[in-house]
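This report concerns only the one structure given below.
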Amino acid sequence: MAPRRLLLVGEGNFSFAAALSETLDPSTSLTATCLQHPTDLARDPVARENLQRLHERGTKIRFGVDCTQLADAFELHDREFDRIYFNFPHCGRKAGVARNRELLAKFFQSCAEVLAEEGEVHVALCRGQGGTPADNPRREWHNSWQVVAMAALGGFILSDVHPFSCEAVPGYKCTGYRSQDKSFHIEGAVNHIFTQSLPFEGLQPRVFRIKLGGQWFSFPEPEALAGKLNRGFLEASSCHPIKTINEKLIAELGKAFPLKRLTCSFPLLPQGGTSVLTSWNCDLSAAFWVNLLEDNSNSEPLTGGTTQDMENFLESFSELSLPKSPGRDGKEEAHEGIYGQAKVCLRPSLLVHVQAIIQAPDFLPGSLHILSGPVFRKCLILPFTMPAFHETLFILGFNQNLKDGCLQSLLDHLKGILDSFLTQTFPEGSKRSSSVEFVFQPNGKDYMINVKCHNFGPDFAKDLIIGSVTTPATSILHKDQSFVFVSINLDLLAMLVWGISDWRMLWTFDKRFLNNFIPGKIEPFKSYSLCPPCFVHDISFWLDEKKGFDELEFHTVARAVSQDTVIAIQFLSRFQHPKTEQVSLCYRLTYQTCDKALTQQQVTSMQSQFRKEIQQRLHVTPR
């Protein structure tokens, strides 16, 4: 839809306004403003001519408008502009980088008060000023105007960027070089298009209320998973790419195997206890544990969901039938019984349900049994590791005498399907390529599903493990059968298929993400948040010799405090005091968002909170 109300600020001789007005639809309203007063332009014949043309076309003209105080220039009923233009802003004369950054910051903060909800802010800058990869050559960050960081102060993100073209607005004359009636060079100039970000507010962990065995319990959402529980990406009404790729994968396999789709209506954890988990490579040491508190209130399930929503949410849980759970050091920790308080873990893998599936009386050998759902596990902060993702599990049972042929058939079909998916978005003639291979594991029976990504770009690893194949396995009820389990990380697969370089984008609440996807089609993903700035902070601390140091928990605390804005943690150094022999570690944290405006002030606040949290939770002493 074409913008209805346009605002131009910082007009010099009004040549841009005059040229733009000739290209607009009659229904579009244009307001052109400048900081100067009419008397300041009286001696400029070009300005007088342009103003005359604008008056004839009915353009609104405002003088004396400060672009850093736009709310003062427009009444409340006269705001809500669909697009605001600011071409080649400059403080005047020999103003330095710092002053021009300040101008931009105040301008963006001012725009937030007069821009429509889905409006755009267009800022044209000379070559090198913006500090983004679109500049050629690109200045060093500290020597640029840092336009994306300045926009973040007003709650804006860079959504598009393209060369500034005078040909698109014939008659535009750039003037104002050092506050004089002189033109300046705009070769290589860049137009930056900003949109409003969702507010960067602290996602407070929600409280869920669930019913187990006739008893109501409540529990808090783990801080490191804030905003990731009960999202419903795989539900029937969802149009999320994770559901799309899962349905396509299942449909293609259905052409070769009879299918049986399963729902997660199993016990929260098999009655065998934790031994069942470890037998299928489910590591509980990295699980998220939550306390269930007995809740006898008559209120509806919390978080605004219905009772059915909460019952569906139980799919994400694994209830321990034993009153103990493994600690991080391998020792068991005792917990209270189920009545009063109990400790359960979020499901670390769909493999927890394998025993229940293959031992069920209605299990059908020869059919591909399919289970899909979200899983949760603690992990180090790395580009392609995620604490929450969606897993799909394929289980195939077959006669032991046919196991080699059945296994090979399944692997061949799976490879062909995945290879096909991964090449659908390649441009014609592209040098990009990918290949799926099954890497045999040292145990002599299992495989990892590895995708070799060639020329996918710097944001993708050369090799990505997107799943695993476990075989053979047996069942007490089906002694003559062998089983193979195929587990696939749907989030990683979706990232590769659509070219989504940041897994966090899959979890955004911004509706623009889903607007990228057309039902039934697979086209390359185009991000609406470009070139987000990085902020780096170092932290060092003394260790408590008695407590030790848990690096996984260190990463988990960073993830929780930063709301997943820490994208990298780098170990820098280890120091041991020569006299006390006390050990100190130093790490570097890099903060960056993928979908929201993030400011240096917000990062500084999170870093300060992180120092407090690790002192309390990890028993270290920040230096």
* Within the stretch 58-66, is even one residue more than 21 Å from residue 4 (Cβ to Cβ), among the polar types (S, T, N, Q) and at pLDDT 90 or above? -> no
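Going by the conditions given, is residue 23 of a type in the set (Ser, Thr, Tyr) and either free of Cβ contacts under 8 Å to residues at least 60 places away in the same chain or not in a loop (DSSP other than H, G, I, E, B) (or both)? Give the derivation first.
On the way: of a type in the set (Ser, Thr, Tyr): yes; either free of Cβ contacts under 8 Å to residues at least 60 places away in the same chain or not in a loop (DSSP other than H, G, I, E, B) (or both): no.
No: the conditions fail for residue 23.
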* Could you please tell me which pairs satisfy a Cβ distance under 8 Å, a separation of 6+ or placement on different chains, a first residue in the stretch 482-497 that is closer than 19 Å to residue 396 by Cβ, and a second residue that is open to solvent by 10 Å² or more (accessible area, probe 1.4 Å) and among the aliphatic types (A, V, I, L, M)? => 484/407; 485/351; 487/351
* To do: Among residues belonging to the stretch 133-162 that are at pLDDT below 95 and among the polar types (S, T, N, Q), point out the one that is farthest from residue 77 (Cα to Cα).
  => 136
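Of everything in the stretch 504-529 that's among the hydrophobic types (A, V, I, L, M, F, W, C) and in contact with a Cys (Cβ under 9 Å, 6 or more places away or on another chain), which residue is modelled with the highest pLDDT? Before the answer, list the steps.
Of all residues in the stretch 504-529, those among the hydrophobic types (A, V, I, L, M, F, W, C) come to 505-507, 509, 513-514, 517-518, 522, 525.
Checking which are in contact with a Cys (Cβ under 9 Å, 6 or more places away or on another chain) leaves us with 505, 514, 517.
Working: 505: 97, 514: 94, 517: 91.
My answer is 505.
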* Looking only at the stretch 182-223, count how many residues are assigned to a loop (DSSP other than H, G, I, E, B), of a type in the set (D, E, K, R) and either crowded, with 17+ Cβ neighbours inside 10 Å or in contact with a helix residue (DSSP H, G or I) (Cβ under 7 Å, 6 or more places away or on another chain) (or both). => 2
* To do: Select from the stretch 337-353 the residues that are within 26 Å of the chain's Cα centre (by Cα) and part of a strand (DSSP E or B) and write down the one among them that is modelled with the lowest pLDDT.
  => 345
* Enumeration of residues in the stretch 385-407 that are at pLDDT 90 or above and surrounded by 17 or more Cβ atoms within 10 Å (Cβ to Cβ) -> 386, 387, 388, 389, 390, 391, 392, 393, 394, 395, 396
* Structure fact -> Every listed condition ((1) surrounded by fewer than 19 Cβ atoms within 10 Å (Cβ to Cβ); (2) under 19 Å from residue 200 (Cα atoms)) holds for residue 575 save (2)
* residue 77 is checked against (1) assigned to a helix (DSSP H, G or I); (2) over 12 Å from residue 9 (Cβ atoms); (3) open to solvent by less than 10 Å² (accessible area, probe 1.4 Å) and fails just one. What number does that condition carry? -> (3)
* Residue, most open to solvent (accessible area, probe 1.4 Å), within the stretch 352-377, restricted to residues that are under 20 Å from residue 495 (Cα atoms) and of a type outside the set (A, V, I, L, M, F, W, C) -> 377
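For the stretch 548-561, check the following and say yes or no: at least one residue is open to solvent by 70 Å² or more (accessible area, probe 1.4 Å) and closer than 26 Å to residue 289 by Cβ. Can you show your working first?
So in the stretch 548-561, the residues open to solvent by 70 Å² or more (accessible area, probe 1.4 Å) come out as 551.
Then drop every residue that is not closer than 26 Å to residue 289 by Cβ, which leaves 551.
Scanning the stretch 548-561 turns up at least one residue that is open to solvent by 70 Å² or more (accessible area, probe 1.4 Å) and closer than 26 Å to residue 289 by Cβ.
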* To do: Output the qualifying pairs, or none if there are none: Cβ atoms under 7 angstrom, residues six or more apart or on different chains, first residue in the stretch 53-73 and open to solvent by 60 Å² or more (accessible area, probe 1.4 Å), second residue part of a helix (DSSP H, G or I).
  => 53/18; 57/21; 62/73; 63/38; 69/110
* Are any of the residues in the stretch 538-546 of a type in the set (Asp, Glu), part of a loop (DSSP other than H, G, I, E, B), in contact (Cβ under 8 Å) with a residue 60 or more places away in the chain and open to solvent by 50 Å² or more (accessible area, probe 1.4 Å)? -> yes
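Matching residues to (1) under 33 Å from the mean Cα position of the chain (by Cα); (2) open to solvent by less than 20 Å² (accessible area, probe 1.4 Å); (3) more than 26 Å from residue 155 (Cα to Cα):
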site	(1), (2), (3)
50	no, yes, yes
96	no, no, no
121	yes, yes, no
129	yes, no, no
137	yes, no, yes
* Would it be correct to say that residue 102 is open to solvent by 10 Å² or more (accessible area, probe 1.4 Å) and more than 25 Å from the chain's Cα centre (by Cα)? -> yes
* To do: Return the total of residues in the stretch 547-591 being of a type in the set (S, T, N, Q) and outside any loop (DSSP other than H, G, I, E, B).
  => 7
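Check whether at least one residue in the stretch 581-588 is within 24 Å of residue 530 (Cβ to Cβ), open to solvent by less than 10 Å² (accessible area, probe 1.4 Å) and at pLDDT 95 or above, and report yes or no.
Within the stretch 581-588, the subset within 24 Å of residue 530 (Cβ to Cβ) is none.
So far as the stretch 581-588 goes, no, none of its residues is within 24 Å of residue 530 (Cβ to Cβ), open to solvent by less than 10 Å² (accessible area, probe 1.4 Å) and at pLDDT 95 or above.
Would you mind stating whether residue 526 is open to solvent by 50 Å² or more (accessible area, probe 1.4 Å), more than 20 Å from the chain's Cα centre (by Cα), of a type outside the set (Ser, Thr, Tyr) and closer than 27 Å to residue 451 by Cβ?
Working: open to solvent by 50 Å² or more (accessible area, probe 1.4 Å): yes; more than 20 Å from the chain's Cα centre (by Cα): no; of a type outside the set (Ser, Thr, Tyr): yes; closer than 27 Å to residue 451 by Cβ: yes.
Spelling it out, it is not the case that residue 526 is open to solvent by 50 Å² or more (accessible area, probe 1.4 Å), more than 20 Å from the chain's Cα centre (by Cα), of a type outside the set (Ser, Thr, Tyr) and closer than 27 Å to residue 451 by Cβ.
The values are calculated or read from the model by the stated rules, or taken from the named source; none is laboratory data. The shown structure was predicted, so the numbers you read here are calculated from the model rather than taken from an experiment. Backbone-built Cβ (ideal geometry, glycine too); neighbour counts: all protein chains shown. Side chains are part of the model used for accessible areas, which takes the heavy atoms of the whole protein and leaves out ligands, DNA and RNA. Shrake-Rupley method; radii C 1.70, N 1.55, O 1.52, S 1.80 Å.
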